[in-house]
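Q: So that we are looking at the same thing, I have put the structure below in structure tokens.
Derivation of every value follows stated rules applied to the coordinates shown; laboratory data play no part. Just so it is clear, the model here is predicted, and its values are computed rather than measured. Cβ placement follows ideal geometry from the backbone for every residue including glycine, while neighbour counts extend to all protein chains displayed.
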Amino acid sequence: DAGVIQSPRHEVTEMGQEVTLRCKPISGHNSLFWYRQTMMRGLELLIYFNNNVPIDDSGMPEDRFSAKMPNASFSTLKIQPSEPRDSAVYFCASSFQNSPLHFGNGTRLTVT
Amino acid sequence: EDQVTQSPEALRLQEGESSSLNCSYTVSGLRGLFWYRQDPGKGPEFLFTLYSAGEEKEKERLKATLTKKESFLHITAPKPEDSATYLCAVQGGGATNKLIFGTGTLLAVQP
């Protein structure tokens, strides 16, 4: 199993640009989570999906952030427009029912 | 509101020097407490799940324990390869299976 696959691994963009982060969960997993990690706040849950349906998006910072899961094998997290304070490592994780979360290796986003 | 606090923030040990990491939590209806290990540039890697007070789990030099208010990750005779950030997370009651994480303990084991 290839595990959770995220792309790109690194993204550097200028303030105001649109950023799209991608995630392929582990095959057969029915829950998908987007987390953001910073030194100050640690890992924060942004949104999670169950069976491709968004269940809890209370962690999404503001309307500039949006997430989609068009099918069981793909999800995107979009930031438009991006701001320097969005700089962080974004992780995607997946799980099956109540099994532990399996994380990807993250996308390091730098907004200048 | 569910909350997880880990201490210390950082810990430096000599190889072979045993110690413990602490995870204090407040959660309504604990369904599980999780320990993860995170190496630089990588995502968190699952170590243990504990479900009820008194439960213990072991893996190599690591042992996790759970009470009603906190969990400990005991590291016995650590080696340099145990150096990593150790994260604690809780899964609360309700229908969701999201995890709330602490900010982690950065462990450095020197040879």
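Q: Are any residues in the range A:26-65 within 19 Å of residue A:106 (Cα to Cα), away from chain B (no Cβ under 14 Å) and exposed (fewer than 14 other Cβ atoms within 10 Å of the Cβ), and if so, which ones?
A: Selection gives A:27, A:61.
Q: Return yes when residue A:20 is under 13 Å from residue A:108 (Cα atoms) and more than 11 Å from chain B (Cβ to nearest Cβ) and no when it is not.
A: Against the criterion (under 13 Å from residue A:108 (Cα atoms) and more than 11 Å from chain B (Cβ to nearest Cβ)), residue A:20 qualifies.
Q: Right, another one. Testing residue B:108 on (1) closer than 15 Å to residue B:2 by Cα; (2) more than 14 Å from every other protein chain (Cβ to nearest Cβ), one condition comes back false. Which one is that?
A: Condition not satisfied by residue B:108: (1).
Q: Strands (runs of 3 or more DSSP E) wholly in chain B with at least 3 residues that are surrounded by 14 or more Cβ atoms within 10 Å (Cβ to Cβ) and in contact with a Leu (Cβ under 8 Å, 6 or more places away or on another chain) - which ones?
A: Answer list for chain B: B:19-26, B:32-38, B:45-50, B:62-66, B:70-75, B:84-91, B:105-110.
Q: Those residues that are surrounded by fewer than 16 Cβ atoms within 10 Å (Cβ to Cβ) and either of a type in the set (Gly, Ala, Ser) or over 15 Å from the mean Cα position of the chain (by Cα) (or both), I need them from the range A:1-17; list them, please.
A: If the condition is that a residue be surrounded by fewer than 16 Cβ atoms within 10 Å (Cβ to Cβ) and either of a type in the set (Gly, Ala, Ser) or over 15 Å from the mean Cα position of the chain (by Cα) (or both), then A:1, A:2, A:3, A:7, A:12, A:14, A:15, A:16, A:17 are the ones that fit.
Q: For the range A:96-112, which residues satisfy the criterion of being hydroxyl-bearing (Ser, Thr, Tyr) and either surrounded by fewer than 20 Cβ atoms within 10 Å (Cβ to Cβ) or facing chain B (nearest Cβ under 7 Å) (or both)?
A: Passing the criteria: A:99, A:110, A:112.
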